[in-house]
Amino acid sequence: MTEVLVMQTGAGSIESVNADFVHSWAIEEGHAYLVCDGIVHTEETREAVIEFAEKLSAEDWCYVNDREMQLSGNVLKAIDCMSPHHDGRAFCCSIILIFDGYYVAGWCGDCRIGNVTLSALEWLTTDDVPFLKMYQDGVIDYEFYLKSRHLLSCKLKVGQNNIGCVKTFSGTLANCKNLILCSDGFWSEVNLLNESIREHFSVEISNEVNRLARDGIDNFSVIVLDV
């Protein structure tokens with residue numbers, strides 16, 4: 001049975017508005033978990049990501065043969081039925097649907113999904129911005145890359161065509177100890193994710209959440225699942 005070890009979001013010490021959001025809900029034969037990261041930290045952006053989460057959880061999650069298509073389709077439908085008041089608001093997200101023995105995942109932007117074992121963290125997604133390849137090819141350094149990831153063309157945008165923005169994949173839970181969903185405000189500032197994973201990972205994550213709430217620069221969100 002899946003257990004939620006950590007599910008938290010915060011504005012950090014600098015931002016006055018928390019434009020990140022976490023949400024979970026039951027679906028047929030499983031459970032869904034969502035992390036949203038709003039672009040531009042305003043109250044209006046916060047309201048937009050909350051409305052998106054509510055619309056998404058209210059979509060039809062009854063069993064279908066193609067769960068990946070269902071996930072991406074529901075994301076698009078949720079955005080399409082949002083209030084026009086939020087037109088132009090942008091955000092990225094990561095989503096995991098947990099079923100008996102397997103998971104289905106989707107993401108957009110630089111919200112990440114990872115598989116945590118006793119010895120390492122394997123990122124299952126890549127930041128879908130062109131600057132990532134430039135960094136991997138050595139054209140730009142890591143610091144420049146971190147400052148260059150916020151392209152609106154790679155985010156979900158209310159009131160616009162978002163077809164193709166959500167990437168999906170599936171996997172078995174047999175080789176997973178923990179699954180982690182998080183925004184860039186979390187993964188870019190938490191050093192332990194680049195180190196060997198120790199036994200009490202959930203405790204360390206909780207400690208990092210408290211540190212980010214006190215000292216973090218960006219909005220952050222994280223969900224850690226024991227699967």
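Rounded if a/c is under 1.5, else prolate if a/b beats b/c, else oblate: with a ≥ b ≥ c from the C-alpha gyration tensor eigenvalues square-rooted, which is the chain?
Rounded.
Which FRET efficiency, nearest 0.05, do Ala58 and Ile163 yield, Cβ-Cβ r, R0 22 Å? Intermediate results must be reported in sequence, preceding the final value.
On the way: r = 21 Å, r/R0 = 0.96.
Once the sixth-power term is evaluated, E becomes 0.55.
At a Förster radius of 30 Å, what calculated FRET efficiency corresponds to the Cβ-Cβ distance of Met69 and Met134, to the nearest 0.05?
0.40
Rounded if a/c is under 1.5, else prolate if a/b is larger than b/c, else oblate: which is the stretch 1-82, with a ≥ b ≥ c the root eigenvalues of its Cα gyration tensor?
It is oblate, given that a/c is not under 1.5 and a/b is not larger than b/c.
May I ask you to derive the relative contact order of the chain, considering only C-alpha pairs under 8 Å and at least 6 residues apart, and to give it as an integer percent?
32 percent
Any idea how far apart Thr172 and Ser119 come out in nm if each label point goes 7 Å out from Cα toward Cβ?
1.9 nm
Shape of the stretch 48-118 from its Cα gyration tensor (a ≥ b ≥ c, root eigenvalues): rounded if a/c is under 1.5, otherwise prolate when a/b > b/c, or oblate? Before the final figure, lay out each step's value.
On the way: a/c = 2.61, a/b = 1.42, b/c = 1.84.
Judged from the Cα gyration tensor, the stretch 48-118 comes out oblate (a/c at least 1.5, b/c at or above a/b).
Positive end of the dipole of the chain, charges at C-beta (+1 Lys, Arg; -1 Asp, Glu), about the Cα centre: which of Val203, Phe131, Met69 has its Cα farthest in that direction?
The listed residue farthest towards the positive side: Phe131.
Taking Lys133 as the anchor, which aspartates and glutamates have their alpha carbon closer than 16 Å to its alpha carbon, excluding any fewer than eight residues away along the same chain?
Asp110, Asp141, Glu143
Can you list residues from other chains, or at least 5 along the same chain, whose modelled amide H is less than 5 Å from the amide H of Gly109?
Long-range HN contacts for Gly109: Asp128.
For a protection proxy built on the mean count of beta-carbon atoms within 10 angstrom, sort 112-122, 40-50 highest first, please.
Ranked from most to least packed, the peptides come out as 40-50, 112-122.
Readers should treat all values here as calculations from the given coordinates under stated rules, not as data from a laboratory. Here the structure is a predicted model, which means the values were calculated and not measured. When we count neighbours, we look across all protein chains shown, and the Cβ atoms used for this are built from the backbone with ideal geometry, even at glycine.
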